[in-house]
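The values are calculated or read from the model by the stated rules, or taken from the named source; none is laboratory data. Since the model is a prediction, treat every value here as computed from it, not as a measurement. Note that each Cβ is placed from the backbone with ideal geometry, even for glycine, and that neighbours are counted across all protein chains shown.
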Amino acid sequence: MLIATFNINGVKARLESLVSWLKDANPDVCCLQEIKSQDEAFPKQPLEDIGYNVVTHGQKGFNGVAILSKRPLEEVKRGLPGDDADVQSRYLEAVIPLKKGVVRVAAIYLPNGNPPETEKYTYKLAWMDRLCLHARGLLELEEPLVIAGDYNVIPTPDDAKRPEAWVNDALFLPRTRERFRTLVHTGFIDAVRLTHCGKGPFTFWDYQAGAWRRDDGIRIDHILLSSQAADLLVATRVDKYVRGQDKASDHVPVLVELRE
DNA sequence: ATGCCGGGCGAAGCCCGA
């Protein structure tokens, strides 16, 4: 059971390369972020044609998440609970059958939060508090749970090529990292960090200033596993090569393999 | 350098991302 997360940075602009990568990697489940599409405009058909069921939670122009799955998607829930006034599409959850039992998968696009002295950062911190509260409830189900997505959090200095460049950034400020730790300590395993020591692996390289050429990346796309999911963990992978392709997203896919 | 690149929107130039 291969589960992926990929911030696609516009699904319509990236459809061809997304389909190409899906055919190569062949994940059973793929969480997408920044689809930048309303639900009715999402290009479902090309993805259904290669074997995926598709659920989306989009909005016009920005944000938006989706889950692709070769298996049925059940108990689909759109939106992060805890703030009825929040109109941004950043959370989508579904239950997917395993050979035995199920896995619950949540696709998240956590707010960027820059610049930090504005309400954008307040919104980010509040969103993280809501995610932590919701995740705590999901953990009580005591089932395999995977929360995958663009967390917009650099958890530690090892997660950036040049951590000193990020010290005043919403992705790396102490209050951001503190909330990420709180979430993890609620009862999750950071799957990629469990399986990689030292610097990286990075999942994002800015389009600007030759960041990709200089390998000046950060690790902000994460897959958190409940203990029941972590018990099934076989391997993790970051498909870095995708960043070097023409018209690439600024993020690359991150994957976990779970045994069944 | 409150920029550099790139997508969306909508039809030029601004908003947003990280």
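Does A:Glu93 meet the test of being assigned to a strand (DSSP E or B), at pLDDT 95 or above and at positive phi?
no
Condition check ((1) under 21 Å from A:Gly187 (Cα atoms); (2) charged (D, E, K, R)) across all residues:
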site	(1), (2)
A:Leu80	yes, no
A:Asp83	no, yes
A:Glu93	yes, yes
A:Ile108	yes, no
A:Leu145	yes, no
A:Gly149	yes, no
A:Ala160	no, no
A:Asn168	no, no
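Scanning for something surrounded by fewer than 23 Cβ atoms within 10 Å (Cβ to Cβ), over 19 Å from A:Ile223 (Cα atoms) and more than 10 Å from DNA strand B (Cβ to nearest atom), does region A:29-38 turn up at least one residue?
The answer is no; no qualifying residue exists.
Filter region A:21-63 down to the residues that are farther than 20 Å from A:Ile96 by Cβ and in contact with a Leu (Cβ under 9 Å, 6 or more places away or on another chain) and list them by number.
A:Pro43, A:Pro46
Test of understanding: among A:Glu178, A:Glu143, A:Glu164, which residue is surrounded by fewer than 17 Cβ atoms within 10 Å (Cβ to Cβ) and over 20 Å from A:Asn112 (Cα atoms)?
Step by step, each of A:Glu178, A:Glu143, A:Glu164 is checked, and only A:Glu143 is surrounded by fewer than 17 Cβ atoms within 10 Å (Cβ to Cβ) and over 20 Å from A:Asn112 (Cα atoms).
Name every residue in region A:145-179 that is within 12 Å of DNA strand B (Cβ to nearest atom), outside any loop (DSSP other than H, G, I, E, B) and in contact with a Gly (Cβ under 9 Å, 6 or more places away or on another chain), in order of residue number.
A:Asp159, A:Ala160, A:Thr176, listed by residue number.
Take region A:222-260 and flag every residue that is within 16 Å of DNA strand B (Cβ to nearest atom) and among the aliphatic types (A, V, I, L, M).
A:Val238, A:Val242, A:Ala248, A:Val252, A:Val254
Quick one: how many residues across region A:197-210 are in contact with a Lys or Arg (Cβ under 9 Å, 6 or more places away or on another chain) and closer than 23 Å to A:Leu32 by Cα?
So the count comes out to 6.
Taking into account only those residues within region A:186-206 that are within 11 Å of DNA strand B (Cβ to nearest atom) and more than 17 Å from A:Ala148 (Cα to Cα), which is farthest from the chain's Cα centre (by Cα)?
A:Asp206
Examine region A:207-221 for a residue that is within 10 Å of DNA strand B (Cβ to nearest atom), closer than 25 Å to A:Asn9 by Cβ, of a type in the set (Val, Ile, Thr) and crowded, with 19+ Cβ neighbours inside 10 Å, and state whether such a residue exists.
Yes, the conditions are met somewhere in region A:207-221.
Filter region A:89-138 down to residues that are charged (D, E, K, R) and surrounded by fewer than 17 Cβ atoms within 10 Å (Cβ to Cβ) and give me whichever is nearest to DNA strand B (Cβ to nearest atom).
The extreme case among them is A:Lys120.
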